[in-house]
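Inspection log for the structure reproduced underneath, given as C-alpha cells.
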Amino acid sequence: MVDDKTQIIDLARALLDDRGAIVGQYTMNLFDETASFTDVPKPSDATYPELVVSAALLELFALRRGESAPHWTAQIGGLASPRFLMGGYEKKYPYLADVWRSEAPEPLKRRNLFASAEFLEFC
C-alpha cells in the first residue's frame, strides 16, 4: 500500500542521500503522523543501510517519546564503516566528527552512525 504519509524509509533515504533540506520536514511529518513508533512496520523494500538508519531512528524517536521501539529494530545490526548523518558537515569541519562520535545518541552510536546529541530534536 502506498500513501502520502511520510514513512521512516523516506527519512532514512533522505539522510543517506544527504538531502538535508527535506530531513527536518520529514522528521516533523513522521512525528505528526505516527501515533506510536512501537507499531511502525519494518520497511519491506529497504537496503541494509536504509534498514540500519530506519531502526536507529525509530529507537531514537521512541526513546524521546517514552515508548518501546518496534521489535524488529533489535534484529538490525550496524554499518561496517562509520557514517555521519549531518549532511557532510564532518568533512567541512573535521573537528566535529570527534565531537559527534562521542555525543551521538546511543541508538545511532551502537549502529556506527554519528550525529550531534540534538540530532533531529525539534520539540
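Tell me which of these Val52 doesn't satisfy, since it passes every other one: (1) at pLDDT below 95; (2) outside any loop (DSSP other than H, G, I, E, B).
For Val52, the failing item is (1).
Just a yes or no: is a residue in the range 20-42 part of a loop (DSSP other than H, G, I, E, B) and of a type in the set (A, V, I, L, M, F, W, C)?
Looking for residues that are part of a loop (DSSP other than H, G, I, E, B) and of a type in the set (A, V, I, L, M, F, W, C), one finds at least one in the range 20-42, hence yes.
Considering only residues that are at pLDDT 90 or above, closer than 21 Å to Thr47 by Cβ and surrounded by 11 or more Cβ atoms within 10 Å (Cβ to Cβ), which ones fall in the range 73-108?
Thr73, Ile76, Gly77, Gly78, Leu79, Pro82, Arg83, Phe84, Leu85, Pro107, Leu108
Residues being farther than 19 Å from Arg13 by Cα and in contact (Cβ under 8 Å) with a residue 40 or more places away in the chain: count how many of those fall in the range 73-105.
1
Is it true that some residue in the range 33-53 is in contact (Cβ under 8 Å) with a residue 60 or more places away in the chain, within 23 Å of Phe122 (Cα to Cα) and surrounded by fewer than 17 Cβ atoms within 10 Å (Cβ to Cβ)?
So far as the range 33-53 goes, no, none of its residues is in contact (Cβ under 8 Å) with a residue 60 or more places away in the chain, within 23 Å of Phe122 (Cα to Cα) and surrounded by fewer than 17 Cβ atoms within 10 Å (Cβ to Cβ).
Just checking, does the range 5-23 include any residue being under 14 Å from the mean Cα position of the chain (by Cα), surrounded by fewer than 15 Cβ atoms within 10 Å (Cβ to Cβ) and in contact (Cβ under 8 Å) with a residue 40 or more places away in the chain?
Scanning the range 5-23 turns up at least one residue that is under 14 Å from the mean Cα position of the chain (by Cα), surrounded by fewer than 15 Cβ atoms within 10 Å (Cβ to Cβ) and in contact (Cβ under 8 Å) with a residue 40 or more places away in the chain.
For the list (1) in contact (Cβ under 8 Å) with a residue 60 or more places away in the chain; (2) in contact with a Lys or Arg (Cβ under 8 Å, 6 or more places away or on another chain), I need the number of the one condition that Leu57 fails.
Failed condition: (2).
Out of (1) buried (at least 20 other Cβ atoms within 10 Å of the Cβ); (2) at pLDDT 95 or above; (3) farther than 21 Å from Asn112 by Cα, what's the single condition that is false for Tyr26?
Answer for Tyr26: the failing condition is (2).
The values are calculated or read from the model by the stated rules, or taken from the named source; none is laboratory data. Keep in mind that this is a model prediction, so the values were computed, not measured. Using ideal geometry, Cβ is built from the backbone for each residue, glycine included, and neighbour counts are taken over all protein chains shown.
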